[in-house]
């Protein structure tokens, strides 16, 4: 039973390019969450999605960042026109389709984005 | 709003020492509380949880008790090992699914 799969593990982009991060939730999980972790800092919530719906995007920057979780396929976090400040580890987590507050999350291993 | 405050690290201990990492929270309603652990280069792993007041979560020798009167969820272990060196995150979740994490506390255990 595979866990949460994120790819790529490492991504290097030049300033101005697009970064596309993928996340396949754990089997049976329909809720996906994206978090960003800056070096030596905690996790900052970005967005919470269910299939074909963005439920809470209160942590997403208003520009350049977008997320989707289509009916088929992985969840995608897209960062357009990347800047050096976007360099961070991006973690995806998933939870089952019940009240997630009692279950906790299953995390992927993260994508480490470096903008050069 | 909801928030989690953890003691600042790093915490450096010798092997077999007693560990306490303090965590307090602010939340509306009755949150569930969690401790996660992150090893270098990896994602977070759920370590333990408690879903109501006075519950004790435990796993791998770690324990934490949900104290509603002091809004705390301190992590303890009686005898740490070198392999416990990691970053520990306290977190809370309310009915809206979103989980709020503390800033993390780095633990170094020396042999």
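What follows draws every value from the coordinates through simple rules; no lab data is involved. Quick caveat: nothing in here was measured; it's all calculated off a predicted structure. Don't worry about glycine lacking a Cβ; one is built from the backbone with ideal geometry, like all the others, and counts go over all protein chains shown.
Counted by neighbouring Cβ atoms within 10 Å, the residues B:65, B:70 run from fewest to most as B:70, B:65. For the range B:75-99 versus the range A:1-60, the inter-centroid distance based on Cα atoms is 21 Å. Counting Cβ atoms of other protein chains within 10 Å of each residue's Cβ and taking the mean over peptide A:4-14 gives 0. Taken along the Cα-to-beta-carbon direction at a fixed 7 Å, the label points for residue A:71 and residue B:17 span 5.7 nm. Remark: mean inter-chain Cβ contacts per residue of B:97-108 equal 5, using a 10 Å Cβ-Cβ cutoff to other protein chain atoms. The Kirkwood radius of the protein assembly as shown, taken over pairs of alpha-carbon atoms, gives through the Stokes-Einstein law at 37 °C and 0.692 mPa s a diffusion coefficient of 182 µm² s⁻¹.
Of B:16, B:42, the sequence from fewest to most neighbouring Cβ atoms within 10 angstrom is B:16, B:42.
One quarter of the surface of the convex hull around the alpha-carbon atoms of chain A equals 7.0 nm², the direction-averaged projected area. Neighbour counts of C-beta atoms inside 10 Å place B:76, A:57, A:40 in the sequence A:40, B:76, A:57, starting with the fewest.
From largest to smallest, the equivalent ellipsoid semi-axes obtained for chain B from the alpha-carbon gyration tensor read 24, 14, 12 Å.
Each pair of Cα atoms in the range A:57-116 enters the Kirkwood radius, and Stokes-Einstein at 4 °C and 1.567 mPa s then converts it into a translational diffusion coefficient of 96 µm²/s.
Below 8 Å, C-alpha to C-alpha, sequence gap of six or more: please give me the relative contact order for chain B in percent. Don't jump to the answer; show the numbers that get you there.
On the way: 290 pairs, mean separation 40.6, N = 111.
Normalised by residue count, the contact order of chain B is 37 percent.
At an R0 of 22 angstrom, the distance between the Cβ atoms of residue A:30 and residue B:30 translates into a FRET efficiency of 0.35.
Structural descriptor for chain A: relative contact order 37 percent, calculated from alpha carbon pairs under 8 angstrom and at least 6 residues apart.
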